[in-house]
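Since the structure comes first, as structure tokens, the remarks are kept for the end.
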Amino acid sequence: MLLLLLTLFLSVLIFINIGNLVTEGTTEQFDESIIKYFRAEGNDSEPAGPDFLNESMRDVTSLGGETVITIITIFVIGFLILQKRYNTMWLVLAATIGGALISLGLKEFYGRERPDISYRLIEVTQLSFPSGHSMMSAVVYLTQAAIIARIQKSKRIRIYILSAALFLTFIIGLSRVYLGVHFPTDVIGGWTIGLAWASFCWFVAWYLQRRNKLKQQTSDKSV
């Protein structure tokens, strides 16, 4: 549990520092250089690499979008209801809705504009920092992976599930930079605040579970 609290603290600290750097404009050179790395030489509107890579990144980025996140969350909630894991269901629901609201609030607070339109390979409308796709993929996929991993007896399977969730979160964030709709610092900011929120939700779940166990033990003793 100390590791969870440490993760929460460090994630928030890193996010605040990145937010300050973004506000001061000191990350512009770094951000531009990374985006240009994914562009054809001499043409900022043309992606680097073969055509299938461009199509793959478009597909990958949809995994962090509102539609896919909502569908996956609904299916997971349905599964948890059938399993009668109601407390876990509320955790998933609170983590997802809370994460979405935090993302929107932070975007308005920082008010960072998207990368120049010449870089963008897809249409976007909202503000840039932090990346909502990166944040929500960290919140939803890591939280749900942790839930699934908890009911697995094999350590190798637990590691596999969590590793898959981490990889999915990473590649979704990478796709946002490749498609030119986010700066790298937007994505890093999304990852860190997403991890912080997920850690907070996990801590609350642990605390409530522990409190209920203590109440149950006290009740048994009184009987």
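The values are calculated or read from the model by the stated rules, or taken from the named source; none is laboratory data. Just so it is clear, the structure is predicted and the values come from calculations on it, not from any experiment. Virtual Cβ from ideal backbone geometry, glycine too; neighbours counted across all protein chains shown.
Here's the yes/no breakdown for (1) crowded, with 18+ Cβ neighbours inside 10 Å; (2) among the aromatic types (Phe, Trp, Tyr); (3) assigned to a helix (DSSP H, G or I):
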residue: Arg112; (1), (2), (3): yes, no, no
residue: Thr125; (1), (2), (3): no, no, no
residue: Pro130; (1), (2), (3): yes, no, no
residue: Met135; (1), (2), (3): yes, no, yes
residue: Tyr141; (1), (2), (3): yes, yes, yes
residue: Ile147; (1), (2), (3): yes, no, yes
residue: Lys153; (1), (2), (3): no, no, no
residue: Arg156; (1), (2), (3): no, no, yes
residue: Ala165; (1), (2), (3): yes, no, yes
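Right, Ala100: crowded, with 24+ Cβ neighbours inside 10 Å and within 30 Å of Gly25 (Cα to Cα) or not? For Ala100, the condition - crowded, with 24+ Cβ neighbours inside 10 Å and within 30 Å of Gly25 (Cα to Cα) - is not met.
Within segment 135-170, if we keep just the residues that are of a type outside the set (A, V, I, L, M, F, W, C) and touching a Leu at 6+ places or on another chain (Cβ under 9 Å), the residue that is farthest from Trp197 (Cα to Cα) turns out to be Thr169. Taken together, the residues in segment 114-123 that are crowded, with 18+ Cβ neighbours inside 10 Å and either part of a helix (DSSP H, G or I) or free of Cβ contacts under 8 Å to residues at least 40 places away in the same chain (or both) amount to 1. Among the residues making up segment 52-61, those that are among the hydrophobic types (A, V, I, L, M, F, W, C) and surrounded by 10 or more Cβ atoms within 10 Å (Cβ to Cβ) are Leu53, Met57, Val60. Name every residue in segment 1-51 that is surrounded by fewer than 14 Cβ atoms within 10 Å (Cβ to Cβ) and in a strand (DSSP E or B), in order of residue number. If the condition is that a residue be surrounded by fewer than 14 Cβ atoms within 10 Å (Cβ to Cβ) and in a strand (DSSP E or B), then Ala40, Asn43, Ser45, Glu46 are the ones that fit. In a loop (DSSP other than H, G, I, E, B), over 19 Å from Val12 (Cβ atoms) and modelled with pLDDT of 90 or more: is that true of Arg58 in this structure? Taking the combined requirement at face value, the residue does not satisfy it.
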